[in-house]
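Everything below concerns the one structure shown next.
The values are calculated or read from the model by the stated rules, or taken from the named source; none is laboratory data. Because the structure is a prediction, the values reported are computed rather than measured. In this analysis, Cβ positions are derived from the backbone assuming ideal geometry, glycine residues included, and neighbour counts consider all displayed protein chains.
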Amino acid sequence: MAFESYRDFIEQLDRAGELIRITTPVATELEITELADREMKKPGGGKALLIEKPTVNGVVSPFPVAINTMGSHKRMAMSMGAESVDAVAAELGALMKAKPPTSLRETIKLLGHAMDLRHAKPKVVSDGPCKEVIHKFDAPGAATSWPPAPDWQKGTPTNPPTLADLPILKCWPLDGGRFITLPCVVTHDPDTGERNVGMYRIQIYDDHTTGMHWQLQKVAARHGRRYYEKGERMPVAIFLGGDPIFPFCATAPLPDGLDEFLLAGYLRKKSVELVKCETHSLEVPANADFVIEGYIDPTEPLRDEGPFGDHTGYYTLPEPYPVLHITAITHRRDAVYPATIVGIPPMEDFYMGAASVKLFLPIFKMNFPEIVDIALPAEGVFHNLVFVSIKKTYPMQAYKIMHGLWGMGQMMFTKYIIVVDDDVDVHNTSEVLFRLCANTDPQRDSIFTKGPSDVLDHATSEIASGSKLGIDATKKIPGEGFKRPWPPLIKMDAAVKAKVERFWNL
C-alpha cells in the first residue's frame, strides 16, 4: 500500500487505534520529547502521537508534529502496507531465491515477482503537492515566495515559513539547539550521478543555515569529499514526510550506489514520483510534506555541530561539520511535520532497526547460508550488540560468521557479536545470555579484533576507530580445542509434556 502523504498515514494509524491526538499546546522545546519518551518506553512501544498545536518559542505552529509513528512492530508493518514485517521479508526472500522456471506453475510465480518489481524504478513528474507553497531565499535574510505571502496558507500567519518557525524540536536539555531528527537527505555523486538518500541529523543554526552531520563512513560524506576535492558547491535536498516508507529506506543498509527510491518503490508497490527541486537539479518525492533545498560551499570553514542527545543514550559532543545554506523551502499546505527522538533505549529507532534486520536477513543468508537468525537487542542501540544463531557443521564456523559480519556495511560498527546454536531464539535476550554463560570459556571462546567504529561512540580512545569482541557461545565440537564430552541440555520428554498439557487444559 502506498501512502500519498504523511497525513494519510496518520489517518490510517488513527483508524487502527494506534494514534493519540494531543490537542493542548505542547512546546517543541523539550516538552514533546518528554511526552514521546514516556510513550516509547511503554510495552510494545506505546502509541503514535500527533501534537496538533506544537509551539515554537511560545507561538502555535500551523503544522502538527507526528512522532513515534513507527515505534512498534505493528506500526512499522503498517508503514509498509503489510500485516507484518515478516511477510514483507518473506516476499523479498522469495525474490532473492528466484530461479529459472521449470514448469508453468513456476513461470506464473516468477511473473508475480516481476510484477512486484515493475514499480521499483522511480519516475520523474513535472509537479507535485510538495510545491503547493514555494519559498525561495535569494540571499541570507532575504526571501521571495509564491504564492504571494498573504495567501500562502489559509488561517495561518502571512509570512511563509523559515527554519526558525517550523516546529523543529529541541530534544534534550544540553542539545546545542533545535534538530531535524527524521530528515531524508538527498545527495549525488558528482562523477557518476548516482543518488543517495541518507538520514543525518540537521542542527538549525539560524533562519538560513544548518549543520550537516554526515559521519565520515556515510555515502553522503563520500559525495561531499569529491565536491571538496573539485572545489564545487554541493547541492543538497532534505525532505520530510510523504510516504512513511521513505525514512525507513533512508536508514536501510543498502550497498553504496543502489538507489533508495528503488527499494521504496518495491516496498510500496508503486513507483516513487520525483520532482526537480526549485534551486538545483536534485529530485525529491513529489508527495513529500516538506522540502528544504540548499548547498554546501567547500571553500568555507567547517562549523561545530552539537551537542546532541544521541541514540547511544549519551550526548555526542561538538565536532566540526559542513554548513548547509538554505536556498528554498517548499511544502504542502496541509503538511504534517514528522519527527523522532533518540536517547536511552528502547526508542522508536529500535523498531526501525529490527525491521531492517528482518528485511535484509535473506541477503545475509545468501552470503552465509548457515545463519538462522539475527537480532539487534535494544540495549545495543542499533549495532553495538548483535546476536546471531547458526546451524554449525564444522570447527571455528562461529568465527567465520563474526569476521564476515564485521565486513558487511554498517555491521563494521558492531562492538560485540555473540554466536549461538540454531536452537536458540536470538530475540530472547535471556536465552542468549544463558547460553553465553553456560557454553563459553572466556579465554578459549573469545576473539578481539580492531576496525572502524561509529563516530558517535564516545567510549573509543580514537574517534571512528576501536576494538571489537566476538564470543562463540555455540556447542563445542572436535577441532575446537574441547577434549571433554559435551553434556545434553535438560529437556522434558515430549510425551510427558503433551500429557501434562492435556491435563492442565482440562
Out of ILE363, ILE371, ILE401, ILE296, report the one residue that is surrounded by 19 or more Cβ atoms within 10 Å (Cβ to Cβ), aliphatic (A, V, I, L, M) and either within 25 Å of HIS73 (Cβ to Cβ) or modelled with pLDDT under 95 (or both). ILE371
Name the residue, out of VAL291, VAL336, VAL357, VAL284, that is at pLDDT 95 or above, more than 24 Å from ASP189 (Cα to Cα) and of a type in the set (A, V, I, L, M). VAL336
Of (1) touching a strand residue (DSSP E or B) at 6+ places or on another chain (Cβ under 9 Å); (2) under 25 Å from TYR394 (Cα atoms); (3) part of a loop (DSSP other than H, G, I, E, B), GLN443 fails just (1)
For region 178-276, which fully contained strands (runs of 3 or more DSSP E) count at least 2 residues that are at negative phi and of a type in the set (A, V, I, L, M, F, W, C)? 184-188, 234-240, 273-276
Output for region 374-398, where each listed residue is in contact with a Pro (Cβ under 8 Å, 6 or more places away or on another chain), surrounded by 22 or more Cβ atoms within 10 Å (Cβ to Cβ) and either free of Cβ contacts under 8 Å to residues at least 24 places away in the same chain or aliphatic (A, V, I, L, M) (or both): VAL381
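Tell me which residues, restricted to region 24-58, are part of a loop (DSSP other than H, G, I, E, B), under 30 Å from GLU83 (Cα atoms) and of a type outside the set (Asp, Glu).
Listed by number, the residues that qualify are LYS41, LYS42, GLY46, LYS47.
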Looking at this structure, is GLU283 assigned by TED's automatic domain parsing to the domain that holds ARG178 and in contact with a His (Cβ under 7 Å, 6 or more places away or on another chain)? no
Within region 319-332, is there a residue that is at pLDDT 95 or above, closer than 30 Å to ALA77 by Cα and surrounded by fewer than 24 Cβ atoms within 10 Å (Cβ to Cβ)? no
Pull up region 206-236, narrow it to residues that are of a type in the set (S, T, N, Q) and closer than 30 Å to VAL56 by Cβ, then point me to the one that is modelled with the lowest pLDDT. GLN215
Does ALA339 satisfy the condition of being surrounded by 21 or more Cβ atoms within 10 Å (Cβ to Cβ) and within 22 Å of the chain's Cα centre (by Cα)? yes
Is it the case that region 223-234 has a residue that's in contact (Cβ under 8 Å) with a residue 60 or more places away in the chain, in contact with a Leu (Cβ under 8 Å, 6 or more places away or on another chain) and not hydroxyl-bearing (Ser, Thr, Tyr)? no
Hey, any hits in region 477-492 for a residue that's under 30 Å from PHE308 (Cβ atoms) and surrounded by 10 or more Cβ atoms within 10 Å (Cβ to Cβ)? no
Do we have any residue at all in region 341-348 that's outside any loop (DSSP other than H, G, I, E, B) and either under 26 Å from TYR6 (Cα atoms) or basic (Lys, Arg) (or both)? yes
Give the residues of region 400-426 that are more than 15 Å from PHE364 (Cα to Cα), of a type in the set (A, V, I, L, M) and either part of a loop (DSSP other than H, G, I, E, B) or in contact with a His (Cβ under 7 Å, 6 or more places away or on another chain) (or both), sorted by residue number. VAL424, VAL426
